[in-house]
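Coordinate-derived values only; no laboratory data. Everything numeric here is computed off the predicted structure, so don't read it as measured data. No Cβ is skipped: glycine too gets one built from the backbone with ideal geometry, and neighbour counts run over all protein chains shown.
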Amino acid sequence: MGDPAPDFEAPSTRGRVKLSELKDKWILLLTHPSGFNPVCTTEIIALSQRLDEFRKMGVEVFSICSGSLQSHIAWIRDVEEKYGLKILVPVVADPDNRIISLYGALDGKGSVSRSVFLIDPGSIVRFVVHYPAEVGRNIKELARVSKAFQTSIKAGLLAPANWEPGEPMVTPPPSTMDEAEKKVKDGAERWYLQRKQV
């Protein structure tokens, strides 16, 4: 986290994707071990069902999946036919795991992890989480994290535990005794914990 996002250019189920052409946008990048995978299938469906929510936040969503473009097209067609849902999330083909490797999403055995990378408009990786193969990602939580980062950066505040959009955030901790005293005078819960409505 805090490092520049590695650039890449590759084909996807929705056309060619070049990360550097998406600068000035928030990007949610997910790595998938393979298509025709039960957990990956539930995730691509869940992503598609919430895609409008991400787009309203100005977040572009991409999947990077090990395997060929043709296999991903076949997988997405199968999902669309079976579930009657248009899959608009681009699935980037990474047959040799080059991009996945750039992002550090290979485990010690060389297997692809279910990783998530949130990249800010300055192309800095702000959030990284790796899920085990056995556990699917919570897409609602990824939307919450995306909104929390956007709100936090804009307001100069921090998101407390279980924060939801519209709820108060907290101010950064004081860095001097005077700042701590001011927080107390301003009615903070504690000198180090002060909530503020955005």
For this session: With the condition kept exactly as written, say whether any residue in segment 184-196 is out of contact with any Phe, Trp or Tyr (no Cβ under 7 Å at 6 or more places or on another chain), in a loop (DSSP other than H, G, I, E, B), among the small types (G, A, S) and within 30 Å of G108 (Cβ to Cβ).
Result: no
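Just to check your reading of the model, which residue among E43, E80 is assigned to a helix (DSSP H, G or I) and more than 25 Å from F127 (Cβ to Cβ)?
One residue alone meets the criteria, E80.
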Taking segment 7-40 and keeping residues surrounded by 16 or more Cβ atoms within 10 Å (Cβ to Cβ) and in a loop (DSSP other than H, G, I, E, B) leaves F8, P11, P33, G35, N37
